[in-house]
Amino acid sequence: MSRKILVIVSEHGYWAEELIGPVSQFDERGYEVVFATPTGKRAHALPPSLDADYIDPPLGRSVTTEENARLGREFEQSSRLDSPLDIEAWAPERPYTSDKDYLPKLEQYHRDLDKLQEDIASFDAVLIVGGSGPIVDLANNERVHALILAFKNAGKVVAAECYGVACLAFARDWGDRKSIIWGKHVTGHCKEYDYKDGTGFLGTDFNMGPPPYPLEYILRDATGPRGAYHGNFGHPLSVIVDFPFVTGRSTPDSYLTGQKIVEVLENGLTRYGW
């Protein structure tokens, strides 16, 4: 059966392997892959992710093989990311309560949400690619949250990697404000792997020390007492499946994340890694 995957990528830099890893798994099986970015601009890889000689500070070694560096550069030079869907033009954003004509705008917002639910009917899964970029334009993006909620409400697979997992923590029903991963098991970039200096982004001169938030702490709180965050620090790989969610910790988990998404779609996998 042919599958269709929506892949959301930051305009402020993605980590190359975290895109090519899952996408290569989709390509092997002939899935249709549709890319989307926050404002429809072309996404670009973070330069360190294309350099096999770049030393990851927390690990003290490279996390990018020569092969993945080459594949990342080839993907970057291809036309596949040239015309992504524009999330700003596609998904609605809730109006301010101070807006003029707030009530009719709110009613239109809900009509737009219903339309969005129809729009994603042809997709089987959504994947949010990691890297530092999602911190800037995906994590607290209401339109991205609307897409995530639409996929979840339709019972479709919702996947994220690395700092992209923050999007799942912040995607919430407006009524109870509870995270959609409450009571679920997830992984994501753990505290030990966070940079102490040099967290950088594309399209801005802003280069900060550590990330503006420790993702691990957010995920621990967002999953609540009956769910759990699994950092698996010291383990080579960390991918968690707790249907409908598939989460990957960081760069080395990219290919396995793609494999597990495929297994969920093809074999009905509902639990893995915990």
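Total residues in the stretch 52-95 satisfying the condition of being of a type in the set (G, A, S) and either more than 21 Å from S250 (Cα to Cα) or in contact with a Gly (Cβ under 9 Å, 6 or more places away or on another chain) (or both): the figure is 5. Going by what's in this entry, would G155 be described as exposed (fewer than 15 other Cβ atoms within 10 Å of the Cβ) and touching a residue at least 12 places away in the same chain (Cβ under 8 Å)? Yes; evaluated as a whole, the condition is true for this residue. Within the stretch 185-210, restricting attention to residues that are assigned to a loop (DSSP other than H, G, I, E, B) and either of a type in the set (S, T, N, Q) or in contact with a helix residue (DSSP H, G or I) (Cβ under 6 Å, 6 or more places away or on another chain) (or both), which residue is most open to solvent (accessible area, probe 1.4 Å)? Out of the qualifying residues, it is T204. Taking every residue in the stretch 65-77 that is under 14 Å from Y14 (Cβ atoms) and pairing it with any residue that is open to solvent by 20 Å² or more (accessible area, probe 1.4 Å) and modelled with pLDDT of 95 or more, at least 6 positions away or on another chain, the pairs with Cβ-Cβ distances below 7 Å are G72/L50; R73/L50; E76/H44; E76/L50. Considered as a group, the residues in the stretch 211-238 that are assigned to a loop (DSSP other than H, G, I, E, B) and free of Cβ contacts under 8 Å to residues at least 24 places away in the same chain include one that is least open to solvent (accessible area, probe 1.4 Å), and that residue is P214.
Within the set G30, G21, the sole residue that is part of a loop (DSSP other than H, G, I, E, B) and either open to solvent by 30 Å² or more (accessible area, probe 1.4 Å) or closer than 22 Å to L256 by Cβ (or both) turns out to be G30.
Listed here are the residues, each with its yes/no results for (1) open to solvent by less than 20 Å² (accessible area, probe 1.4 Å); (2) more than 11 Å from the chain's Cα centre (by Cα); (3) at pLDDT 95 or above.
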site: F123; (1), (2), (3): yes, yes, yes
site: G133; (1), (2), (3): yes, no, yes
site: L149; (1), (2), (3): no, yes, yes
site: C167; (1), (2), (3): yes, no, yes
site: D173; (1), (2), (3): no, yes, no
site: I181; (1), (2), (3): yes, yes, yes
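Restricting the search to the stretch 257-274, which residues are open to solvent by 30 Å² or more (accessible area, probe 1.4 Å) and in contact with a strand residue (DSSP E or B) (Cβ under 9 Å, 6 or more places away or on another chain)? Result: Q259, E263, L269, T270, R271, Y272, G273, W274.
In the stretch 71-113, of all residues being within 14 Å of L19 (Cα to Cα) and in contact with a helix residue (DSSP H, G or I) (Cβ under 9 Å, 6 or more places away or on another chain), the one that is surrounded by the most Cβ atoms within 10 Å (Cβ to Cβ) corresponds to G72.
The values are calculated or read from the model by the stated rules, or taken from the named source; none is laboratory data. Nothing here was measured: the structure is a model prediction, and the numbers come from that model. Heads up, the Cβs are rebuilt from the backbone with ideal geometry, glycines too, and the neighbour counts pull from every protein chain shown. Quick note on the areas: whole protein, heavy atoms, side chains included, nothing else; ligands and nucleic acids left out. Shrake-Rupley method; radii C 1.70, N 1.55, O 1.52, S 1.80 Å.
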